Amino acid sequence: MVRANGAVSLRELARVVQTSEVTVRRDVRALEAEGLLDRRHGGAVLPGGFSREPGYPQKTHLAAAEKSAIADLAAGLVEEGDAVVVGAGTTTQELARRLARVPGLTVVTNSLLVAQALAHANRVEVVMTGGTLRGSNYALVGSGAEQSLHGLRVSKAFISGSGLTAERGLSTTNMLSASVDRALVQAAAEVIVLADHTKLGSDTMFQTVPTEAITHLVTDEQSAAEDATACELSALADCGVRISVAPTGLPADSTVHGGQDRHQSLPGPAVPRRVAPPPGGAPLPGQRRPGAHSGPPGQLPTRLAELGGPRVR
C-alpha cells in the first residue's frame, strides 16, 4: 500500500487488514527496521520522505474521512462577504467545495482544483494567480504566481502542507510550492493551517509557515488520540496556536458561521473576530493572535475529552 500510494495511515492499514492499530504499529516498526519504509506519526511513508511527495491520485485516498471532517469545520470559520486565500492541496480542495455555499465570498487561489470546485458558485468570486502549472498537484507556482500576490490583503489564509511540527511549523517537499505558499500567507491577517493526523510530527524539506505565524490549526480527532501527535498538539498550543479538533464524520451543518464552534477545541482566551476587508480592498490592520493556553504541556487529550461532543479515546 505504501509503494502504491506513497503514504498510508495506520487507521487505514488496520481497516484493510482487519486488525488492531497496535498490531499494525508493531509490524510497521519491523518494516522500518528492514529499511522498507519510514514511520511517521499516525502512518508510514516510503524511505526518503523528506523529499518525496505522493501524487494527487494517491493523496486523495489518504485520510479522506479526516480531510472531509477538517473541511467541514474550517468552512464554519468563513463568514459572508469574507475575502480569503486558499492554497493548493486535497484538504483545501475539500474546503473549497463547502465554500461554494458562502455568499459574497472572494477566494484568491493558485490551485486549479480549488478554482474548479468553486467554478459554478454563483455568489463566489474566484481570483487566480498567474504562474507556471505544477502538474503533480495542479497548482500555479513560480515568480508569476508570487508577483500576482504582491499588495494583496485578505482576512484569512487557509493552507495545507506535507508536515507540521511545533519546532519548525508547516513544511512541504517542493521549493516552488513553499515559496508561493509563503506569499499567500503574507497576504492574510490570519493563517489557518489544515492538517490531518498523518501530517503532525512530520518534517519535510522546505519550511512554509513558521510556528509563530500560525494563528489556528484545524485537525482531526485521531491527532488527539495518539500519544505522539497529542504531544505535538500540546506543544503547538504552548506556542500560541489555537487548536480545533474535528470529529470524523462531522456533518457539514454542525458548524456555525462567525467563529461559534460546535467541535472540540482547546480552552483558552477568547479569539477576537476578524473583520472582513471593507469594500474597495482597503488593507486590514495586522493583528496578533491570542496567547498560548495556560495549562501544562501534555494534557491536551484530557482537556479535549472534557469538552462537549464526542470524547477522545
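With a 1.4 Å probe and all protein chains kept in place, how do Phe158, Phe206 rank by accessible area, largest first? Walk me through the intermediate numbers first.
Details: Phe158 0, Phe206 55 Å².
So, going from the largest accessible area down, we get Phe206, Phe158.
Rounded to a whole number, what % of the accessible area of the range 150-194 do carbon and sulfur atoms account for, probe 1.4 Å?
49
Rounded to the nearest 10 Å², what accessible area does His150 have for a 1.4 Å probe in the complete protein model?
Roll a 1.4 Å probe over it and His150 shows about 140 Å².
Roughly how much of Leu149 is accessible, in Å² to the nearest 10, using a 1.4 Å probe?
Probe radius 1.4 Å; accessible area of Leu149 about 10 Å².
Calculate, for the range 57-142, the solvent-accessible area per residue in square angstrom, rolling a 1.4 angstrom probe over the heavy atoms of the protein chains.
Values: 3120 Å² over 86 residues.
Spelled out: the 1.4 Å probe surface of the range 57-142, per residue, equals 36 Å².
GluC sites (Glu not before Pro) within the range 67-168: which are DSSP loop residues with at most 13 other Cβ atoms inside 10 Å?
Glu80, Glu167
Run the simple label-point estimate for Arg15 and Met128 please: 7 Å along Cα→C-beta, distance reported in nm.
3.3
At 20 °C and 1.002 mPa s, what whole-number value in µm²/s does Stokes-Einstein give for the translational diffusion of the range 88-182, with Rh from the Kirkwood sum over Cα pairs?
Estimated diffusion coefficient is 155 µm²/s.
Any chance you could run the full-extension gain for Ala119 through Ser143? It's 0.36 nm times the residue separation minus the Cα-Cα distance, nm to one decimal.
On the way: separation 24, 0.36 × 24 = 8.64 nm, distance 2.50 nm.
Taking Ala119 through Ser143 to full extension adds about 6.1 nm, to one decimal.
Please arrange Arg3, Arg98 by accessible surface area, largest first, computed with a 1.4 Å probe and ligands excluded. Walk me through the numbers on the way to the answer.
On the way: Arg3 190, Arg98 35 Å².
Listed by decreasing accessible area, they come as Arg3, Arg98.
To the nearest 10 square angstrom, what accessible area does Leu36 show with a 1.4 Å probe?
Counting only protein heavy atoms, the figure is 80 Å².
Once you list every other residue whose beta carbon is under 13 Å from the beta carbon of Thr23, what net charge do they have if Lys and Arg are +1 and Asp and Glu are -1?
Charge balance in the 13 Å sphere: +3.
At R0 = 22 Å, how high is the FRET efficiency between Asp203 and Arg29 if r is their beta carbon distance? Nearest 0.05 is fine.
With R0 = 22 Å, the Cβ-Cβ based efficiency is 0.70.
What does the charge count around Leu184 come to, taking other residues whose C-beta lies under 13 Å from its C-beta (Lys +1, Arg +1, Asp -1, Glu -1)?
On the way: positive: Arg153, Lys156, Arg182; negative: Glu146, Asp181, Glu190.
Cβ neighbours under 13 Å give a net charge of 0.
The values are calculated or read from the model by the stated rules, or taken from the named source; none is laboratory data. Here the structure is a predicted model, which is why all the values come from computation and not from measurement. Glycine gets a Cβ as well: all are built from the backbone with ideal geometry, and neighbour counts include every protein chain shown. SASA here: full protein model, heavy atoms, side chains in, ligands and nucleic acids out. Shrake-Rupley method; radii C 1.70, N 1.55, O 1.52, S 1.80 Å.
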